[in-house]
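Take a look at the structure set out below.
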Amino acid sequence: MPPYLFGLPTTSLLTLSSLLTDPSGSYTTVLSEATAARTRLQLALKGVADNEPGSSALAVLDAVQVYLPYLKGIIACLDADELLFKGEPSFPWTSPLTHYALSPPLLPLPSIHSEHLFVLLTYTLALSNYAHSILASLPTIEHKPGTSTSHMHMSNEDEKRTTTGLSRAVDLLCQASGAAEWTAENVCLQVEPVKNANGRVGKGKWPIEVGRETFKGLSMMFLADAHSIAIRKLLLPVLPHTLFSPPGPPLPSNHPSASLLSKLYLHVTSLYTSSRALLKVHQTASNDVGSSRRLFQKDRSMENDSIEGEIIPDLKRYLKKASQLSLALAHKWLGIDVGENSKGTKIGDAISWTQDALNRLEDMEDSKMREKMKGFGISKNNEKKKEERKARKGRLENEVEDTKAWVRAYVKMNDTVAFQPIPPNSSLITPSGRPIFSSKAFIPPPCKFQPTHRLPNPDEDEEEDHDPGQDGEGQGEYAGKGNYF
């Protein structure tokens, strides 16, 4: 269930004064503070990687919030030649989205803009993980034996807590989407010349994280996850009915519009599909190596998707399954909309839509079972498949049962009352998807310090003198400030 839980980048300790020369001696204090801020981020990431007590995505976000203004100040001073590199810089980071045969190596990235990019990557992934942790802590409804399903409901306190948690998760994912989009359009363009000038980073290739397509793909994925959670919030009032009432018709009176749900799921499908396409474009480019190696990679990819240098397999599978599920649910609700609102004049269309949704869901269920049975050596006879399905009944299985009930209801109605032909699904017109919201625009925080002598800015009426030791307070607010908690 969205959102995807990411592994975060890691880095090693780094003393910025050992990389940078300060000819004027004006930045000694702030460089020491910047080193402390970066060390805090490194320890927060190490804590998450080692699963240490007290570590969390929230602690990582807090550390990024402290370090990023210092990093922007360093970049501004490098651009103004008030800080200089002592030699070839090296910023060590691991790449959590790139698949490696062994553990991800610590890559020596040769640019301050690479550092900026990986800090923002950490920020976007941690926002998504924070949303994941909020959803994981929400209360659940359990069916107690002897309790009537008509009386199953959340307490007012739990319902309020759940609604607040879902809204917060949506907001965090919209922030992550906006930050990823901003990074693709700004920071990735600054890393690209460095990447082209240095064909390799250390002994290996550049990770996929430095590509614009990766960040654009992540932006769309975050937005799709946000919409999926928004749909979950929309369905919250009918959750007891969904979980504990017999599957199929009729819909409860307070159920959201089937037409609206179908259009929302169609939009989610388009976002997940676009995200997959962007990530595939980047991994295809990254695999532009010898023809014989490409041939072997193609052969291996037919059996598994664990190819070194590409997107990690878990993320590939998540995007594939999420797009398949959202499309199946879109078709299911298109069928229910036609069946419930056409006064019996389009039952054939309703059967076509719901049957197509059922076929897609069952294909997903079968592939899920085959994947699970690979690791256990379970024979593929029907009885054992049924036992495995019962033991691992989850959302997908519930959707299969519910869609089957709708198909049976419409087929029975057609066989006894309507007697309509069932058109092929390819002949039906699919409407356009409908978004609920868009990404939240990311506005980077102000620099913690500025160059002592700045070039004139034509957008400013007056030039202000900036003390490099000042902390940048009073320089304005930025999107997301104070929203990390």
What are the pairs, 6+ residues apart or on separate chains, where a residue within region 35-62 that is over 18 Å from Ser133 (Cβ atoms) and in contact (Cβ under 8 Å) with a residue 24 or more places away in the chain has its Cβ under 7 Å from a residue that is outside any helix (DSSP H, G or I) and not polar (S, T, N, Q)? Arg38/Leu14; Thr39/Leu13; Gln42/Leu13
Given the residues Ser253, Ser270, Ser228, which is the only one that is out of contact with any helix residue (DSSP H, G or I) (no Cβ under 9 Å at 6 or more places or on another chain) and either within 23 Å of Asp314 (Cβ to Cβ) or not in a helix (DSSP H, G or I) (or both)? Ser253
Residue list for region 330-356, restricted to those being touching an Asp or Glu at 6+ places or on another chain (Cβ under 7 Å) and hydrophobic (A, V, I, L, M, F, W, C): Val338
Just checking, which of Phe215, Phe296 is more than 20 Å from Lys404 (Cα to Cα), at pLDDT 95 or above and not acidic (Asp, Glu)? Phe215
Tell me which of these Leu31 doesn't satisfy, since it passes every other one: (1) under 30 Å from the mean Cα position of the chain (by Cα); (2) over 27 Å from Arg200 (Cα atoms); (3) in a helix (DSSP H, G or I). (1)
Could you give me the residue pairs with C-beta distances under 7 Å whose first residue belongs to region 336-349 and is over 17 Å from Arg408 (Cβ atoms), whose second residue is of a type in the set (A, V, I, L, M) wherever it lies, and which are 6+ apart or on separate chains? Asp337/Ala258; Lys346/Val338
The residue from Ser155, Ser103 that alone is of a type in the set (S, T, N, Q), within 16 Å of Leu8 (Cα to Cα), at pLDDT below 95 and surrounded by fewer than 22 Cβ atoms within 10 Å (Cβ to Cβ) is Ser103
Across region 8-40, the tally of residues that are small (Gly, Ala, Ser) and in contact with an Asp or Glu (Cβ under 9 Å, 6 or more places away or on another chain) stands at 2
Checking the conditions here, which among Lys321, Lys346 is basic (Lys, Arg) and under 30 Å from Trp206 (Cα atoms)? Lys321
Being in contact (Cβ under 8 Å) with a residue 40 or more places away in the chain, among the aromatic types (Phe, Trp, Tyr) and in a helix (DSSP H, G or I) narrows it down to one of Tyr4, Tyr100, Tyr70, so name that one. Tyr70
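The values are calculated or read from the model by the stated rules, or taken from the named source; none is laboratory data. A quick note: this is a predicted structure, and the numbers were derived from the prediction, not measured. Every residue, glycine among them, receives a Cβ derived from its backbone with ideal geometry; neighbour counts consider all protein chains shown.
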